1. Only one of (1) under 20 Å from the mean Cα position of the chain (by Cα); (2) farther than 20 Å from Gly311 by Cβ fails for Thr241. Which number is that?
2. When only residues in segment 143-158 that are open to solvent by 50 Å² or more (accessible area, probe 1.4 Å) and of a type outside the set (Asp, Glu) count, which is nearest to Gly98 (Cα to Cα)?
3. How many of the residues in segment 31-72 are in a helix (DSSP H, G or I), in contact (Cβ under 8 Å) with a residue 24 or more places away in the chain and either open to solvent by 60 Å² or more (accessible area, probe 1.4 Å) or of a type in the set (Lys, Arg) (or both)?
4. Scan the strands (runs of 3 or more DSSP E) fully inside segment 373-467 and keep the ones with 2 or more residues being farther than 18 Å from Ala354 by Cα.
5. Could you tell me which residue of segment 285-321 is nearest to Val251 (Cα to Cα), considering only residues that are in a loop (DSSP other than H, G, I, E, B) and open to solvent by 20 Å² or more (accessible area, probe 1.4 Å)?
6. Within segment 178-209, work out how many residues are of a type in the set (Asp, Glu) and either assigned to a loop (DSSP other than H, G, I, E, B) or at pLDDT 95 or above (or both).
7. Quick check: anything in segment 236-252 open to solvent by 20 Å² or more (accessible area, probe 1.4 Å), touching a residue at least 24 places away in the same chain (Cβ under 8 Å), on the phi > 0 side of the Ramachandran plot and in contact with a Pro (Cβ under 7 Å, 6 or more places away or on another chain)?
8. Suppose we filter segment 125-142 for residues that are open to solvent by 30 Å² or more (accessible area, probe 1.4 Å) and either in a helix (DSSP H, G or I) or free of Cβ contacts under 8 Å to residues at least 24 places away in the same chain (or both); how many remain?
Amino acid sequence: MIPVRGFEGKRVAVFGLGRSGLTAARALKAGGAEPLLWDDQAKSLTQAAKEGFTLENLKVSDWTEIDALMLSPGVPLTHPEPHWTVQKAKAAGVPVIGDIELFASSLNRLSDADRPRTVAITGTNGKSTTTALISWILQQAGRDVRMGGNIGIGVLDLADFRRGAVYVIETSSYQLDLTHSFAPDVAVLLNVSPDHLDRHGGMDGYVAAKRRIFAAQRPDQTAVIGADDSWCQAITTDQLTQHGDGRGPRVVPVSARRVMGRGIYALQGVIYDSTGERTREVANLAAAQSLRGRHNWQNAVAATAACRALGLSDEAIRDGLLSFPGLAHRMQEVGRIGNVRFVNDSKATNADAARQAMLAYDRFFWIAGGRAKAGGIEELNDLFERVEGAFLIGEAAELFAATLGSRVPVTQSRTILAATAQAFAAAEAYAAKTGQDAVVLLSPACASFDQFPDFEARGEAFAQAVRDIAAREAQKASAAASSDAVLSS
């Protein structure tokens, strides 16, 4: 745990007692603060009481005696409307902060000699893969790495600061909205596409939240910005214009689509570094099985730029890229039955993320659906010709069927179990007819919350369905072999 410094003896209200809220309360208490905990859910209060925390009904508290409000990222800060705790805090002039800001408060109190390095990653898509990839490359190079934040371990649950360590932190737009002094040594913005617009009041608010990752950076720090979408291109231009005189961080553009004057880019899966006097090849991702597709090339060039900023050699970066094992639920091959491969991309919770997976295959059988995001799958219409058959699940099944229309054979499977079995049957027939391998791709383009608690549970259900089919197919093959043996005797 990282004890929170800077709040010694202060009364800090903590609202939202999920993982990040309870972790923040423990870290505040460890650092000498007096946390006051509250939640709208009785069971959350019960857990906090069991740990010995002070429970205080913040609806009736005297907010003039509270020094800060630690708000869990799942609680609305501004939209659809500010949560009642936020309204009370602002009325009393109490700062509203999150767990990343508490992390920054502790970090900023260390001397330069004792301060570890920090890398923060955000973006609409690819955050988790890039966070894990950077951590992997650094670990393979012998660095002391602590990975957490919006992935795995909460940021304040990481081991306390240690000189020479590197903290690699995935940050969401919700978390960034609650920061003001967080200044990572390397800040990475991968991409921006419409997402969580209800929580940010529209695209302008969402982009502003993402941009906060660079807000407190200094000239000795690095901003890595993806240049493959119009929003990030504008941010890159703004950063270069505002800080071209050396007053802000060094800006390194990265791209998986095009050659740039200065930056790190990928062409057909080969990474080039043009940040120096001459362009040089860093790595060929053809041998990197876990980094297939242009979206993973974008993750790889961002990781390359981040690791270069931390002083790693091209050789160390190349070794890490090519040995990266990948992450579950992100273009993860979870099984193969005969000539049919099953790919779990459950993390694709919006259309833009699904696009990246769809671009990796010329033909595939698509399992999609769940709780639809704004716009549904309309923007994927240019890729429908790649879909041999669509097997639709969850609340979005009818909506997606209407969008696909007559362009794609559609089955409204409703459940992931049915969809996996039906997609396998169709893929198996396709493979037998064409003599080619077939791909069943779970890339839902939807949130999972209509049928599952999270995308991980959805991906596990898909993987289990694949295992069940494999077991049945093995039993059929065994029975057939036994029958042949009896007939031949």
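The values are calculated or read from the model by the stated rules, or taken from the named source; none is laboratory data. Note that the coordinates shown come from a computational prediction; the quantities given were computed from them, not determined experimentally. With ideal geometry, Cβ positions are generated from the backbone for all residues, glycine too; neighbour counts draw on all protein chains shown. Ligands, DNA and RNA are excluded from the accessible area calculation, which covers all protein heavy atoms including side chains. Shrake-Rupley method; radii C 1.70, N 1.55, O 1.52, S 1.80 Å.
1. That leaves (1) as the condition not met.
2. In this case the residue turns out to be Asn150.
3. Looking only at segment 31-72, we keep the residues that are in a helix (DSSP H, G or I), and these are 42-50, 63-65.
After this cut, where a residue has to be in contact (Cβ under 8 Å) with a residue 24 or more places away in the chain as well, the list is 44-45, 47-48, 63-65.
With either open to solvent by 60 Å² or more (accessible area, probe 1.4 Å) or of a type in the set (Lys, Arg) (or both) added as a condition, the list becomes 47, 64-65.
Result for segment 31-72: 3.
4. Working: elements: 387-393, 410-414, 438-442.
Output list reads 410-414.
5. Applying the first criterion (in a loop (DSSP other than H, G, I, E, B)) to segment 285-321 yields 288-293, 310-313.
With the extra rule that they be open to solvent by 20 Å² or more (accessible area, probe 1.4 Å), the set shrinks to 289-290, 292, 311, 313.
Details: Gln289: 30, Ser290: 28, Arg292: 26, Gly311: 16, Ser313: 19 Å.
That would be Gly311.
6. Looking only at segment 178-209, we keep the residues that are of a type in the set (Asp, Glu), and these are 185, 195, 198, 204.
Next, only the ones that are either assigned to a loop (DSSP other than H, G, I, E, B) or at pLDDT 95 or above (or both) stay: 185, 195.
Counting residues in segment 178-209 that are of a type in the set (Asp, Glu) and either assigned to a loop (DSSP other than H, G, I, E, B) or at pLDDT 95 or above (or both) gives 2.
7. Within segment 236-252, one or more residues are open to solvent by 20 Å² or more (accessible area, probe 1.4 Å), touching a residue at least 24 places away in the same chain (Cβ under 8 Å), on the phi > 0 side of the Ramachandran plot and in contact with a Pro (Cβ under 7 Å, 6 or more places away or on another chain).
8. From segment 125-142, those open to solvent by 30 Å² or more (accessible area, probe 1.4 Å) are 136, 139-142; that's our starting set.
Retained after the next criterion (residues that are either in a helix (DSSP H, G or I) or free of Cβ contacts under 8 Å to residues at least 24 places away in the same chain (or both)): 136, 139-140, 142.
Number of matching residues: 4.
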